[in-house]
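Novice: Take a look at this one; I'll ask things after.
Where a number appears in this text, it was derived from the coordinates with a stated rule and is not lab data. Model, not experiment: these values are computed from the prediction. Using ideal geometry, Cβ is built from the backbone for each residue, glycine included, and neighbour counts are taken over all protein chains shown.
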């Protein structure tokens, strides 16, 4: 029995043609592989799909292998006899519609195949391989450059600048460290200037112009001047070499010479505003004595370049040579005496036995018995008569029969005389025998009152001369005591930070060995240099100029003290007078 | 006797007896010496006279180094050597890293100034990698592709793929599945990324080969077909390997350029903003 296969071919032009082939039976294989009699070009179909079998005149379909489904479109592939009683059958395999039938004379099997459309091999992985891949185009340097440049410009130029313009109109109270200007700042602004962090124009007033001292002084008013403008200009060395070039460049770029910004730099993060690093002090102070020679008499200007080059400390002291009272600032030496006019001995007051020890109820006095830190906790308060000495030296001048002790207030001599004369007069009027002056003879009454008062106060065992040396003025009315509470007028010292074991008061001040009030108990620089040294020296405290000296300090004025100057007036003048009234 | 011109090959690194290496070393020694001994009154930073000097030198060097890209495009008659310029580019780039670092005074922060420095350092450090890449990759690249161009390799692969695709009509079961995978092995975007990090030979080729052999032994496919498939697979494996190596070398150069060149522009932009910001808030 022959098999007539008719295949419809869909041309690309849209025309349909038929291809008719005739096979000699009895078998026809169908499948995707080219080894089949009928190639079904459908990737969804198996390589071998099914066979058309003719056995003893009966036409049937048979699955080629187990991979083929048991039925195709309702036709049971396991029953090969479906055409025995039927004349035709139709079914679909993949995209193909296949119909089977018998010719009218029953001796030819007719097979019609309709692929339903154009079929054939279409390459899936053909020449789709691009030379320039997407990956490569992403890596295009020009594209990346432009993209990055735009992004970085937006972040670092447009954003800070636009917000900088905006921030000049509104000053936010909530200043964050991430303010956009931070992107332009050379470093974090100091905590002191933190409120300006978002408005750069508070200090940088004009673009492309450096910060001026005038802007600083808007807030920092009335800062004490280090020295007069004339002195400062004379102190500065004439620039040479690179320095002169630097000066020219600064002038060219409009940078102020000697202004605030020459010593103070902000934007240093947690270090705060940098204040005059050592090198800047040295600019003027190295060789200062030579430069100022002939101009200012060069008195007191040392050639100090570093801590190690620092000369002996100079302390104030009172000098009474020739009857004149003058303040002298000089280095320590055996001949340097502080002639304050007080009769006093540190040794006696710190002794572990003796008169003072007995009066203090058999207790040894300590430094703290008389000396106390002031509110700053840096310096000691001046020892006052009433609070310091008065505990023992109570100015008792007499007592009455009832045992009441009469005391004087510590006042001027004239006042003391007046009070004492009045008290004695009143006592003699009321009851001439009641009050017994303990520092004059027993002659009661008001006779020789003036002499009696003088004896009580200024006699050999007089009240005043317990402490005051017998330095009477011509008129006999004033006791000129001049005490100095600040011996190192050009330096500051913080006692509170020196309260470290094993440091004691006597580590620096040899009070126990001082037998005379005129001894100057201030330490020499060698005492300091056991711990302090130039920056860079190991195992020592790095000590720059500003550790002890202040730049913005009013130069101390030494009053011309003449004999007889009021003690209280002198003491007021010599109070520490340093640091600006900075607002 | 023919006039033989003997020309000794000289790398850009050793150009003119390392002339620019010595120039760069001298520049660095002078810079360090000045940094240590310059009479700067405050700490070193970009704001001292010495800092400004270093800054001016740095920006000049940056522009000159970046101009290598222009120089090589302006081919003109005259006495100049691209190799010499490249040699100077490498060594003076190293000197720039030091000079710019001294310019900072080692003061860094989260700001445009440090960003400019960071961008410049990325360019310089990537430059080191670039020297290593350009010293090795080009020879490997030509060794790999032989006399063929990349387009020719690709065209061959297309042909093999076409034949393999047709052969897949004859396969079924596991060989078909593996065959489909073998066919797909060449997607460019993925392969280029993979080529950078993974092996160039892929196990799927071996698996496919084994499955074909098993199918042949089992009588599932004919001997001729199996030979065809194996031949195509082998061709494709060799081509894929070569293409992947090619892609890897090209990708290395592309990635390097995609860092070195854009960051050159980034750092120049940032240095521009840095200078503007410094003078704006003078």
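Novice: Sort B:44-57, A:229-242, A:249-262, A:449-462 by the packing proxy (mean of other Cβ within 10 Å over each peptide's residues), most packed first.
Specialist: Top to bottom by mean Cβ count within 10 Å: B:44-57, A:449-462, A:249-262, A:229-242.
Novice: Still on this structure, please answer the following. Would you please give the FRET efficiency between residue B:279 and residue B:34, computed as 1/(1 + (r/R0)^6) with r the Cβ-Cβ distance and R0 = 25 Å, to the nearest 0.05?
Specialist: 0.60
Novice: Right, another one. I need B:227, A:327 ordered by Cβ neighbour count within 10 Å, fewest first.
Specialist: B:227, A:327
Novice: Just want the ordering: A:499, B:236, from fewest to most Cβ atoms lying within 10 Å of their own Cβ.
Specialist: Least crowded to most crowded, the residues run A:499, B:236.
Novice: In nm, to one decimal, how far is the residue B:13 label point from the residue B:238 one, both placed 7 Å along Cα→Cβ?
Specialist: 3.4
Novice: Rank-order A:336-349, B:84-97 by packing density, defined as the average count of other C-beta atoms within 10 Å over each peptide's residues, highest first.
Specialist: The densest-packed peptide leads the list: B:84-97, A:336-349.
Novice: Now, a different point. What is the mean number of Cβ atoms from other protein chains located within 10 Å of the Cβ atom of each residue in peptide B:217-226, rounded to a whole number?
Specialist: Across B:217-226, the average partner-chain Cβ count within 10 Å equals 1.
Novice: At residue A:4 and residue B:148, where each label point lies 7 Å from the Cα along Cα→Cβ, what is the point-to-point distance in nanometres?
Specialist: Rounded to a tenth, the inter-label distance reads 5.2 nm.
Novice: Inside 10 Å of the C-beta atoms of B:253-266, what's the mean count of C-beta atoms belonging to other chains?
Specialist: Per residue, the number of nearby Cβ atoms from other chains is 5 on average.
Novice: Then there is this: What spacing in nm lies between the two simple spin-label points modelled at residue A:228 and residue A:498, each 7 Å away from Cα in the Cβ direction?
Specialist: 3.4
Novice: Quick one: helix B:112-145 against the long Cα principal axis of chain B, what's the angle to the nearest 10°, folded into 0 to 90?
Specialist: Relative to chain B, helix B:112-145 is tipped by roughly 40 degrees.
Novice: Another question about this same structure. Test of understanding: ordering A:361, A:21, B:43 by Cβ neighbours within 10 Å, fewest first, what list do you get?
Specialist: A:361, A:21, B:43
Novice: How high is the relative contact order of chain B, in percent, with contacts defined as C-alpha pairs under 8 Å that are six or more residues apart?
Specialist: Relative contact order comes out at 25 percent.
Novice: Enter the angle in degrees (range 0 to 90, nearest 10) between the Cα long axis of helix B:173-184 and the first principal axis of the Cα atoms of chain B, meaning the one along which they spread out most.
Specialist: 30
Novice: Here's a follow-up. With a Förster radius of 60 Å, plug the Cβ-Cβ distance of residue A:13 and residue B:64 into 1/(1 + (r/R0)^6) and report the FRET value to the nearest 0.05. Don't jump to the answer; show the numbers that get you there.
Specialist: Details: r = 67 Å, r/R0 = 1.12.
For residue A:13 and residue B:64, the calculated efficiency is 0.35.
Novice: Between residue A:392 and residue A:409, 0.36 nm times their residue separation minus their Cα-Cα distance comes to what?
Specialist: Value of the extension gain: 4.7 nm.
Novice: Also, quick follow-up: What is the Cα coordinate range of chain B on the first, second and third principal axes, sorted by size from largest, in whole angstrom?
Specialist: So the extents along the principal axes, rounded to whole Å, are 93, 66, 30.
Novice: A further question on this structure: Just counting partner chain Cβ atoms within 10 Å, what average do the residues of peptide A:144-154 show around their Cβ?
Specialist: Per-residue shielding by partner chains comes out at 4.
Novice: Give the peptides B:258-266, A:213-221 in descending order of average Cβ contacts within 10 Å, highest first. Don't skip to the end; give the middle numbers.
Specialist: Values: B:258-266: 21.8, A:213-221: 13.6.
Packing proxy ranking, top to bottom: B:258-266, A:213-221.
Novice: Let me ask something additional. Kindly express, to the nearest 10 degrees and within the range 0 to 90, the angle between helix B:82-104's C-alpha long axis and the longest C-alpha principal axis of chain B.
Specialist: Once rounded, the angle reads 60 degrees.
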